[in-house]
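Novice: The structure is given below, and queries will be raised subsequently.
The values are calculated or read from the model by the stated rules, or taken from the named source; none is laboratory data. Source: prediction; values computed, not measured. A quick note on method: Cβ atoms are made from the backbone with ideal geometry, for glycine too, and the neighbour counts reach across all protein chains shown.
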Amino acid sequence: MKYVITLLVFLTTIVGVSQTKMEHVDATTFKKWIDGKKACLIDLRTDDELKNKGFIKGAIQIDYLKKDAEDKIAKLDKKKTYLIYCAGGGRSGECAELMEKLQFKHVINLEKGFDDWKKKGFAIEFKK
């Protein structure tokens, strides 16, 4: 009986650890979140990618391939909702896992990345 109670307490603790609401969404749903202006938009691509391919208006850049990227992510306000994207979904998927591990409140990942956003014809901008 003691063993069962201990096991239940342990499992309850493990389940309660991750409080992150994680969503992997398509470009249309991602755009609705952007239009709602209730989340912080983060572009995880490199300077060259932004320069050559454009970006989503309002995005702040954290180059996920740089050494300090994880430190920058860890310093963000964990209580906010974040919309994250990269070129094809790989880096943003990895970043979403990191943010979940760091217990961010709500993370929304553009599942197929900026390439899909652009393919769907949604607006992009270029640095001037």
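Novice: Mind checking whether some residue in the stretch 36-47 is modelled with pLDDT of 95 or more, charged (D, E, K, R), closer than 25 Å to residue 98 by Cβ and more than 16 Å from the chain's Cα centre (by Cα)?
Specialist: The first filter runs over the stretch 36-47 and keeps only residues modelled with pLDDT of 95 or more, leaving 39-47.
Still in the running and charged (D, E, K, R): 43, 45, 47.
If we keep only those that are closer than 25 Å to residue 98 by Cβ as well, we get 43, 45, 47.
Subset that is more than 16 Å from the chain's Cα centre (by Cα): 47.
Yes, because at least one residue in the stretch 36-47 is modelled with pLDDT of 95 or more, charged (D, E, K, R), closer than 25 Å to residue 98 by Cβ and more than 16 Å from the chain's Cα centre (by Cα).
Novice: When residues of the stretch 92-128 are filtered for being on the phi > 0 side of the Ramachandran plot and part of a loop (DSSP other than H, G, I, E, B), how many remain?
Specialist: Start the filter on the stretch 92-128 by keeping residues that are on the phi > 0 side of the Ramachandran plot, which leaves 103, 113, 121.
Keeping just the survivors that are part of a loop (DSSP other than H, G, I, E, B) gives 103, 121.
Of the residues in the stretch 92-128, 2 are on the phi > 0 side of the Ramachandran plot and part of a loop (DSSP other than H, G, I, E, B).
Novice: Checking the structure you have, find out if any residue of the stretch 89-104 is in contact (Cβ under 8 Å) with a residue 12 or more places away in the chain, more than 12 Å from the chain's Cα centre (by Cα) and buried (at least 19 other Cβ atoms within 10 Å of the Cβ).
Specialist: no
Novice: Among the residues of the stretch 26-58, write down those that are among the β-branched types (Val, Ile, Thr) and within 14 Å of residue 86 (Cβ to Cβ).
Specialist: Initial filter on the stretch 26-58 (among the β-branched types (Val, Ile, Thr)): 28-29, 34, 42, 46, 56.
Scanning the stretch 26-58 gives 42, 46, 56.
Novice: Criterion first (surrounded by fewer than 11 Cβ atoms within 10 Å (Cβ to Cβ), assigned to a helix (DSSP H, G or I) and modelled with pLDDT of 95 or more) does residue 77 satisfy it? Before the answer, list the steps.
Specialist: Values: surrounded by fewer than 11 Cβ atoms within 10 Å (Cβ to Cβ): yes; assigned to a helix (DSSP H, G or I): no; modelled with pLDDT of 95 or more: yes.
It is false that residue 77 is surrounded by fewer than 11 Cβ atoms within 10 Å (Cβ to Cβ), assigned to a helix (DSSP H, G or I) and modelled with pLDDT of 95 or more.
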